[in-house]
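Following: one structure in structure tokens, then a few remarks.
The values are calculated or read from the model by the stated rules, or taken from the named source; none is laboratory data. Keep in mind it's a predicted model, so treat the numbers as computed, not measured. Note that each Cβ is placed from the backbone with ideal geometry, even for glycine, and that neighbours are counted across all protein chains shown.
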Number of protein chains: 2
Amino acid sequence: MSKKLSVVLVSGGMDSCVTAAMVAQESEMAFLHVNYGQRTEARELEAFHAIADHYHVANRQIFELNFLKLIGGSSLTDTNIPVARADLHNKEIPSSYVPFRNTHILSMAVSWAEVLRAGEIFIGAVEEDSSGYPDCRAAYFQAFNNLIEVGTKPDTKIKIRTPLIGMKKKEIVLKGMELRAPLDLTWSCYKEDSSACGVCDSCALRLKGFREAGVKDPIPYKESFF
Amino acid sequence: MSKKLSVVLVSGGMDSCVTAAMVAQESEMAFLHVNYGQRTEARELEAFHAIADHYHVANRQIFELNFLKLIGGSSLTDTNIPVARADLHNKEIPSSYVPFRNTHILSMAVSWAEVLRAGEIFIGAVEEDSSGYPDCRAAYFQAFNNLIEVGTKPDTKIKIRTPLIGMKKKEIVLKGMELRAPLDLTWSCYKEDSSACGVCDSCALRLKGFREAGVKDPIPYKESFF
């Protein structure tokens with residue numbers, strides 16, 4: 001019997017890379033990347049292709065979502081709003097929050113999965129060690145699965161899967177090492193595209209994970225949050 | 001006190017025009033139109049601007065959603081799939097169904113509303129006299145409102161409103177007449193852009209509404225389903 005087909009959302013960051021490493025063990029993969037006008041768009045796309053090459057994934061889609069840049073409201077898409085230095089104790093939603101971003105990305109994945117007849121969509125969202133984005137919580141993905149159930153054809157059975165949702169960043173690094181995920185090919189920084197800035201939210205969370213795991217992060221940094 | 005601001009999704013068809021006519025009575029309006037690579041894209045956009053001019057709506061956004069055409073799977077976006085002649089007794093989901101389309105459109109409206117700080121988003125979806133699309137049912141919009149609640153910032157309160165959801169096409173025509181909605185400016189046909197085809201699902205449902213209301217449809221048709 002041929003392996004089932006799953007869609008994997010691959011931003012190019014560490015979390016999506018480890019997610020792909022997990023899915024690779026049990027499923028054929030189709031990789032989806034979304035350009036939404038974020039600052040590091042080109043660097044993320046490069047990481048996406050490198051990870052796809054690593055896993056020999058031929059079925060790749062890159063969708064454009066230009067309007068998020070048009071409406072702004074986030075430091076990731078509006079260059080007039082500076083990318084803030086991370087504050088890992090702040091419980092407020094940071095300025096990098098892109099309005100309803102994951103809904104757009106997941107919806108694209110669902111439309112594509114419906115045409116491909118793929119049954120599962122994987123996204124490397126993390127609730128615990130995260131920036132506190134509302135659309136990265138387990139409750140959000142549950143609501144999205146409910147929406148898919150009522151919003152697609154009756155014979156369409158698509159589920160969003162979030163294997164990392166309850167993991168700490170440290171555990172994600174260790175899982176990546178265990179599965180030999182190519183973490184050297186990934187890119188997480190919100191701001192820079194040659195050496196990672198080391199101090200934005202995304203860098204700080206990543207560095208915290210490597211530090212707690214006792215592993216050296218293989219990508220270059222300009223400075224370090226710690 | 002200044003009037004509240006609402007986002008209205010305006011495709012350019014009869015239902016969205018009547019919805020706008022209803023919202024105009026109680027709210028400032030911002031109009032959103034989405035090009036998703038549908039056959040009659042240019043004609044719908046013309047109708048959108050004509051309706052916006054009629055209601056003096058300055059705040060207009062036209063978002064592009066190109067990837068739906070890229071993945072295909074619908075007669076509206078894939079010119080290799082013919083637009084079927086309407087069958088109003090068929091209970092199957094027709095070939096014009098665009099995978100998860102309304103989720104993309106509503107998500108765009110939510111992102112925009114979140115930046116605009118608009119509280120309500122209006123869409124002229126109809127459940128009863130419809131083609132049976134899963135994403136035009138009241139249960140779908142309820143699931144979407146739930147998703148907004150968990151997927152946006154805690155202080156964001158946005159609701160999707162569907163004032164036509166339980167109406168028959170006949171009642172929509174009569175409501176339009178009562179509110180002097182500019183139905184002559186609207187475009188509903190899935191296929192043609194000078195004279196409406198009169199026989200696609202959308203034309204057939206529209207013509208049925210006018211016929212049952214005892215009113216002449218002001219737009220030109222090539223032929224009539226009835």
Criterion violated by A:Gln61 - all others in (1) modelled with pLDDT of 90 or more; (2) assigned to a helix (DSSP H, G or I); (3) not charged (D, E, K, R) satisfied = (2)
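Is it the case that some residue within the stretch A:115-129 is over 14 Å from A:Asp15 (Cβ atoms), of a type in the set (Asp, Glu) and either touching a Cys at 6+ places or on another chain (Cβ under 9 Å) or modelled with pLDDT of 95 or more (or both)? Break it down stepwise before answering.
Keep residues of the stretch A:115-129 that are over 14 Å from A:Asp15 (Cβ atoms), which gives A:115-121.
Then drop every residue that is not of a type in the set (Asp, Glu), which leaves A:120.
Among the residues that remain, those that are also either touching a Cys at 6+ places or on another chain (Cβ under 9 Å) or modelled with pLDDT of 95 or more (or both) are: A:120.
So far as the stretch A:115-129 goes, yes, one or more of its residues are over 14 Å from A:Asp15 (Cβ atoms), of a type in the set (Asp, Glu) and either touching a Cys at 6+ places or on another chain (Cβ under 9 Å) or modelled with pLDDT of 95 or more (or both).
Quick check on B:Ile165: is it β-branched (Val, Ile, Thr) and in a helix (DSSP H, G or I)? Give the steps one after another, and end with the answer.
On the way: β-branched (Val, Ile, Thr): yes; in a helix (DSSP H, G or I): no.
It is false that B:Ile165 is β-branched (Val, Ile, Thr) and in a helix (DSSP H, G or I).
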Which residue out of B:Ala118, B:Ala86 is outside any helix (DSSP H, G or I), more than 18 Å from B:Asn66 (Cα to Cα), in contact with a strand residue (DSSP E or B) (Cβ under 7 Å, 6 or more places away or on another chain) and more than 10 Å from chain A (Cβ to nearest Cβ)?
-> B:Ala118
Would you check if B:Pro99 is modelled with pLDDT under 85 and buried (at least 23 other Cβ atoms within 10 Å of the Cβ)?
-> yes
Could you grab the pairs with beta carbons closer than 7 Å, sequence gap of 6+ or different chains, first residue in the stretch B:184-202 and touching a residue at least 40 places away in the same chain (Cβ under 8 Å) and surrounded by fewer than 19 Cβ atoms within 10 Å (Cβ to Cβ), second one outside any loop (DSSP other than H, G, I, E, B) and aliphatic (A, V, I, L, M)?
-> B:Asp193/B:Ala42
Somewhere in the stretch B:147-154, is a residue farther than 30 Å from A:Glu92 by Cα, out of contact with any Cys (no Cβ under 7 Å at 6 or more places or on another chain) and not in a helix (DSSP H, G or I)?
-> no
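Residue under question is B:Lys157, and the condition is that it be over 29 Å from B:Ser74 (Cα atoms) and either β-branched (Val, Ile, Thr) or in a loop (DSSP other than H, G, I, E, B) (or both); does it hold?
On the way: over 29 Å from B:Ser74 (Cα atoms): yes; either β-branched (Val, Ile, Thr) or in a loop (DSSP other than H, G, I, E, B) (or both): yes.
Yes; evaluated as a whole, the condition is true for this residue.
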Determine whether A:Ala58 is aliphatic (A, V, I, L, M) and under 16 Å from A:Ala20 (Cβ atoms).
-> yes
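Name the residue that is farthest from the chain's Cα centre (by Cα), counting only residues in the stretch B:43-58 that are assigned to a helix (DSSP H, G or I) and free of Cβ contacts under 8 Å to residues at least 60 places away in the same chain.
The initial filter retains those residues of the stretch B:43-58 that are assigned to a helix (DSSP H, G or I), namely B:43-54.
From the residues that got through so far, the ones that are free of Cβ contacts under 8 Å to residues at least 60 places away in the same chain too are B:45, B:48-49, B:52-53.
Values: B:Leu45: 12, B:Phe48: 10, B:His49: 14, B:Ala52: 14, B:Asp53: 17 Å.
Across the stretch B:43-58, the extreme among qualifying residues is B:Asp53.
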For B:Cys136, work out the one condition from (1) more than 13 Å from chain A (Cβ to nearest Cβ); (2) crowded, with 18+ Cβ neighbours inside 10 Å it doesn't fulfil.
-> (1)
Filter the stretch A:1-38 for residues that are in a strand (DSSP E or B) and touching a residue at least 40 places away in the same chain (Cβ under 8 Å); which is farthest from A:Val126 (Cα to Cα)?
-> A:Leu5
Evaluate the following for A:Val98: is it without any contact (Cβ under 8 Å) to a residue 12 or more places away in the chain, within 12 Å of chain B (Cβ to nearest Cβ) and closer than 18 Å to A:Leu9 by Cα?
-> no
Quick check: is even one residue across the stretch B:173-188 over 30 Å from A:Ala138 (Cβ atoms), away from chain A (no Cβ under 13 Å) and touching a Lys or Arg at 6+ places or on another chain (Cβ under 6 Å)?
-> yes
Mind counting the residues in the stretch A:60-78 that are free of Cβ contacts under 8 Å to residues at least 40 places away in the same chain and not acidic (Asp, Glu)?
-> 11
From the set of residues in the stretch B:73-83 that are surrounded by 15 or more Cβ atoms within 10 Å (Cβ to Cβ) and within 14 Å of chain A (Cβ to nearest Cβ), which is nearest to B:Gly12 (Cα to Cα)?
-> B:Leu76
Residue ID - nearest to the other protein chains (Cβ to nearest Cβ), chosen from residues in the stretch B:42-72 that are among the charged types (D, E, K, R) and surrounded by 17 or more Cβ atoms within 10 Å (Cβ to Cβ) = B:Lys69
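Among the residues of the stretch B:9-17, is any on the phi > 0 side of the Ramachandran plot and surrounded by fewer than 17 Cβ atoms within 10 Å (Cβ to Cβ)? Show your work before the answer.
Looking only at the stretch B:9-17, we keep the residues that are on the phi > 0 side of the Ramachandran plot, and these are B:12.
With surrounded by fewer than 17 Cβ atoms within 10 Å (Cβ to Cβ) added as a condition, the list becomes none.
No: zero hits.
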Per the filter on the stretch B:6-42, residues more than 23 Å from B:Met167 (Cα to Cα) and more than 14 Å from the chain's Cα centre (by Cα) are B:Glu28, B:Ala30, B:Gly37, B:Arg39, B:Ala42
Condition met for B:Asp155 (within 14 Å of chain A (Cβ to nearest Cβ) and at pLDDT below 95) | yes
